[in-house]
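Engineer: One structure, pasted below without further comment.
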Amino acid sequence: MNTVIAFVIIFGALVFFHELGHLIFAKRAGILCREFAIGFGPKVFSFKKGETVYTIRLLPLGGFVRMAGEDPEMIDVKPGQLVGLLFDKNGKVNKIIVNHKDEYPEAKVIEVERADLEHELYIEGYERDHEQLERFELSEPAYFVMNREEIQIAPYHRQFASKTLGQRTMAIFAGPLMNFILAFIIFVAIGMLQGYPVNKPIIGELTNNGSAMKAGLQQHDVVLSINGQSVSTWTDVVEIIRNNPEKELLFKVKRNNEILDIAVTPEAKEVQGETIGLIGVYGPMEKSFFGAFKQGAIETYYWTKEIIVGLAHLLTGQFSFDMLSGPVGIAVSTHKVAQSGVYYLMKWGAILSINLGIINLLPIPALDGGRLTFFAIEALRGKPIDRQKEGLVHFIGFALLMLLMLVVTWNDIQKFFL
């Protein structure tokens, strides 16, 4: 149960912050965001705040922000259709009743002659038993009412396609960007709560029954020299210890303004075919805001580079396809990491967040990187690619991604459970 909770929290946080990036910059650009969803499939929970419906859906495979204009509008009015009109205090139409019109006796029912609900924002038609064509202006916002549910009408200037190339690019790029920001924040939090490693010759936390504890070394002892060889960094200390398994070393340390000589014999351990010395001591850690900030940037850069290198190895055949993991593999790894403690779990979440950001930036149709690729092509040719053709490419890409997800999930099941 702890693993399930940890996985749900990590997955939810990654998807939430990713989609939050899309939502924030889409709203900043004035785009109508109809839905902010975590997961796919049937709705489990939903509520509406402002213009946006916030939902949690059944299948934990991602999330989305439904922006007006990205897909064809679900409701339209056509000539000959009977609709009901409700008006605001200024006499403009603020609700168009599509069905169940008998439940709105105050509505004016007209037969539609023509309508422009995107640009000029009007609807024209004939009231029953009237031959005169009437024109009605729409208010902003205005709504369709269908099956007793209100759906906001999106004028063209509130649609995704109406925005500048820069605004559209930022609305899409903001998702992966938030994953990098989230990772950075997590690394900074770890640095502030747990501390961050520093390369100083200071004894850190000691393990129980290690050579250092048995010999009398204590945490925070400052190592001045080992066997008469002066040391200035933790790297110097580690190197001497590793090179002298089962050989007595004389540590000269400073403790509370007192100089002490302590003899320590490193234990021998076989690591990758090499025998090294260990005394059961962790490196020194410090806590400070600016240090944690710097460490957060270093960690984010390091793991970004490592994941990119790993992807390059995968693409060049240096890693096998079987090394890929999906939700099942991530859940199993989360279980293992969770057993090591909360800080390891936090770090694991940060690494996953960077991974999600990088994967989404790949120029693959249906991913953010695929959409950014189309924007780059638009910038080069000076006009957008036909929306239907682009939509077809993204649809095919999404289908292939779902197929890949099934294959990877099956590999994970075989790897961990069969």
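The values are calculated or read from the model by the stated rules, or taken from the named source; none is laboratory data. Just so it is clear, the model here is predicted, and its values are computed rather than measured. Here Cβ is always computed from backbone atoms with ideal geometry, including for glycine, and neighbour counts include all displayed protein chains. With ligands, DNA and RNA removed, areas are computed over all heavy atoms of the protein, side chains included. Shrake-Rupley method; radii C 1.70, N 1.55, O 1.52, S 1.80 Å.
Engineer: Find how many whole Å separate the alpha carbon centroid of segment 2-26 from the alpha carbon centroid of segment 28-87.
Structural biologist: Centre-to-centre distance over Cα atoms comes out at 20 Å.
Engineer: Oh, and also: When the chain is modelled as a GNM with alpha-carbon springs shorter than 10 Å, which of Phe25, Phe87, Phe17 fluctuates the most?
Structural biologist: Phe87
Engineer: R0 = 22 Å: FRET efficiency of Glu111 with Asn90, Cβ-based, nearest 0.05?
Structural biologist: 0.35
Engineer: Which of the trypsin sites (Lys or Arg not before Pro) across segment 107-170 are loop residues per DSSP, with 13 or fewer other Cβ within 10 Å?
Structural biologist: Arg128, Arg148
Engineer: Further question on the same structure: Would you mind calculating the gained length between Lys214 and Leu404 on full extension (0.36 nm times residue separation, minus the Cα-Cα distance), in nm to one decimal?
Structural biologist: Separation in residues times 0.36 nm, less the Cα-Cα distance, equals 63.0 nm.
Engineer: Another question, if that's okay. Note the listed values [x] 59, 57, 40; [y] 103, 55, 41; [z] 108, 47, 46, then indicate which one is Cα extents along the principal axes in Å calculated from this particular structure.
Structural biologist: [z]
Engineer: Rounded to the nearest 20 debye, what is the charge dipole size of the chain about its Cα centre when +1 sits on each Lys and Arg Cβ and -1 on each Asp and Glu Cβ?
Structural biologist: It works out to roughly 880 debye.
Engineer: Pairs Lys200/Lys336; Lys214/Lys254; Lys200/Lys252; Lys78/Lys101; Lys49/Lys95: which are spaced more than 23 Å apart, C-alpha to C-alpha?
Structural biologist: Lys200/Lys336
Engineer: Right, something else. Which aspartates and glutamates, if any, have their Cα less than 12 Å from the Cα of Lys247, not counting same-chain residues under 8 positions apart?
Structural biologist: Glu267
Engineer: Sort Ile185, Ile276 by heavy-atom solvent-accessible area, probe 1.4 angstrom, most to least.
Structural biologist: Largest accessible area first, the list is Ile185, Ile276.
Engineer: Could you work out the local net charge near Gln295, counting Lys and Arg as +1, Asp and Glu as -1, over the other residues with Cβ closer than 12 Å to its Cβ?
Structural biologist: +1
Engineer: Among Tyr343, Gly12, Ile151, pick out the residue whose Cα is farthest towards the positive end of the charge dipole of the chain, where Lys and Arg carry +1 and Asp and Glu carry -1 on C-beta, about the Cα centre.
Structural biologist: Farthest towards the positive pole: Tyr343.
Engineer: May I pose another question? At a 1.4 Å probe radius, which order do His394, His335, His220 fall into by accessible area, largest first?
Structural biologist: His220, His335, His394
Engineer: Follow-up. Quick one: grab the alpha carbon gyration tensor of segment 222-268, order the square roots of its eigenvalues as a ≥ b ≥ c, and give me rounded if a/c is under 1.5, else prolate or oblate depending on whether a/b is larger than b/c.
Structural biologist: Judged from the Cα gyration tensor, segment 222-268 comes out oblate (a/c at least 1.5, b/c at or above a/b).
Engineer: Continuing with the same structure: Could you tell me how far the Cα centroid of segment 342-389 sits from the Cα centroid of segment 206-241, in Å?
Structural biologist: About 47 Å separates the Cα centre of segment 206-241 from the one of segment 342-389.
Engineer: Once you order the gyration tensor axes a ≥ b ≥ c over the Cα atoms, which shape class does segment 138-236 get: rounded for a/c under 1.5, otherwise prolate or oblate by comparing a/b with b/c?
Structural biologist: Prolate shape, in that a/c is at least 1.5 and a/b is the bigger ratio.
Engineer: Give the accessible surface of the chain per residue, rounded to a whole number of Å², with probe radius 1.4 Å and ligands, DNA and RNA excluded.
Structural biologist: Accessible surface, normalised per residue, equals 57 Å².
Engineer: Could I ask something else about it? Based on the Cβ-Cβ distance of His119 and Lys336, what FRET efficiency does E = 1/(1 + (r/R0)^6) give at R0 = 45 Å, to the nearest 0.05?
Structural biologist: For R0 = 45 Å, the calculated efficiency reads 0.20.
Engineer: Say the dipole of the chain comes from +1 at the beta carbon of Lys and Arg and -1 at that of Asp and Glu; which of Leu362, Trp303, Ile226 then lies farthest toward its positive end?
Structural biologist: Ile226
Engineer: Apply the a/c threshold of 1.5 to the C-alpha gyration tensor of segment 201-300 and tell me whether it is rounded, prolate or oblate.
Structural biologist: Since a/c reaches 1.5 but b/c is at least a/b, the shape of segment 201-300 is classed as oblate.
Engineer: In addition: May I ask you to list the lysines whose Cα is less than 18 Å away from that of Lys163, ignoring any residue fewer than eight positions away on the same chain?
Structural biologist: Excluding near neighbours in sequence, the set is Lys27, Lys383.
Engineer: For every helix of n ≥ 4 consecutive DSSP H residues, a contribution of -39,500 (n - 2.57) applies; sum these over the chain, divide by its total residues, and give [θ] at 222 nm rounded to the nearest 500 deg cm²/dmol.
Structural biologist: -14500 deg cm²/dmol
Engineer: By how many nm would the segment from His130 to Leu311 lengthen if fully extended, with 0.36 nm per residue of separation less the alpha-carbon distance?
Structural biologist: Separation in residues times 0.36 nm, less the Cα-Cα distance, equals 58.3 nm.
Engineer: Could you pull out every one of the aspartates and glutamates with an alpha carbon less than 19 Å from that of Lys294, ignoring same-chain neighbours closer than 8 positions?
Structural biologist: The qualifying aspartates and glutamates are Glu286, Glu306.
Engineer: What do you reckon, how do Ser288, Ser211 stack up by accessible area (1.4 Å probe), largest on top?
Structural biologist: Ser288, Ser211
Engineer: Calculated FRET efficiency, Ala379 and Gln272, Cβ-Cβ r, R0 51 Å, to nearest 0.05?
Structural biologist: FRET efficiency, Ala379 to Gln272: 0.55.
Engineer: Could you tell me how many cubic angstrom of Cα convex hull volume segment 1-151 has per residue?
Structural biologist: 135 Å³
Engineer: Taking the Cβ of Ser162 as the center, what net charge do the other residues with Cβ under 11 Å away carry, scoring Lys and Arg +1 and Asp and Glu -1?
Structural biologist: Around Ser162, the surrounding residues sum to +2.
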